[in-house]
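The values are calculated or read from the model by the stated rules, or taken from the named source; none is laboratory data. Quick caveat, the model's predicted, so the values are computed rather than measured. FYI the Cβ positions are ideal-geometry reconstructions off the backbone, even for glycines, and counts take in every protein chain you see. SASA here: full protein model, heavy atoms, side chains in, ligands and nucleic acids out. Shrake-Rupley method; radii C 1.70, N 1.55, O 1.52, S 1.80 Å.
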Amino acid sequence: MWVYEKKLQYPVRVSKCDPRMAKLLLEQYGGADGELAAALRYLNQRYSIPGKVIGLLTDIGTEEFAHLEMIATMVYKLTKDATMEQLKAAGLDDHYAAHDRGLFYQSAGGVPWTATYIQAKGDPIADLYEDIAAEEKARATYQWLIDLTDDVDLQDSLKFLREREIVHSMRFREAVEILKEDREVKKIF
């Protein structure tokens, strides 16, 4: 199903050690509107969506895993050279106590990821509207993360991710229109 290239979808560079920013980025790693929740939501929903748009959910769902990999790389690079004092000052001492420098699916506020973040109503149009909302929330979060850092290298990668959220939202909107149009067609059996 997948072909894995041993490179990120888009290069991730950071210009300085910044554990505070790493903590904030955890929102997109394990938060309710983060990349893991999006990937699993879309790949789960594809089982109850009409064939005309199933490929879209597969494509975007797998791309979200690539975004998750980018976020993990950002967090790693922002913390790899951090001192204990820097980790404590950033509020990551509790994370360190439980996980060392290993990543853990949690939000910026430290709330562990949960399957309750994944929405699947089973109605294709309702699910696609949920997906549009998820993409728009992620877009907003990326913009706020961009605003919270002065690291232009990090901003570059975050801008890429923000733009992909916009593209995904547009693709889901197109899928809604395809399904609405299909719903209006008179079917004769």
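Things worth noting here:
- Options ARG183, ARG173, ARG101; residue that is more than 15 Å from the chain's Cα centre (by Cα), modelled with pLDDT under 95, in a helix (DSSP H, G or I) and surrounded by fewer than 17 Cβ atoms within 10 Å (Cβ to Cβ): ARG183
- ILE132 vs. criteria within 25 Å of ILE54 (Cα to Cα), assigned to a helix (DSSP H, G or I) and among the β-branched types (Val, Ile, Thr): yes
- The condition (being among the aromatic types (Phe, Trp, Tyr) and touching a Leu at 6+ places or on another chain (Cβ under 6 Å)) is satisfied by just one residue among TYR76, TYR96, TYR47: TYR96.
Conditions tested, residue by residue: (1) over 26 Å from GLN9 (Cα atoms); (2) among the small types (Gly, Ala, Ser); (3) at pLDDT below 95.
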site: ALA72; (1), (2), (3): no, yes, no
site: LEU87; (1), (2), (3): yes, no, no
site: HIS95; (1), (2), (3): yes, no, yes
site: ASP127; (1), (2), (3): yes, no, no
site: GLU136; (1), (2), (3): no, no, no
site: TRP144; (1), (2), (3): no, no, no
site: LEU154; (1), (2), (3): no, no, no
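- When GLU130 is tested against (1) closer than 22 Å to CYS17 by Cα; (2) among the acidic types (Asp, Glu); (3) touching a residue at least 60 places away in the same chain (Cβ under 8 Å); (4) open to solvent by 20 Å² or more (accessible area, probe 1.4 Å), just one condition goes unmet, and that condition is (1).
- Neighbours by Cβ (under 9 Å, 6+ apart or cross-chain): first from segment 47-66, over 25 Å from LYS6 (Cβ atoms); second basic (Lys, Arg) and surrounded by fewer than 14 Cβ atoms within 10 Å (Cβ to Cβ): SER48/LYS121
- Helices (runs of 4 or more DSSP H) contained entirely in segment 1-96, each with at least 1 residues that are of a type outside the set (A, V, I, L, M) and loosely packed, with under 14 Cβ neighbours inside 10 Å: 51-79, 84-89
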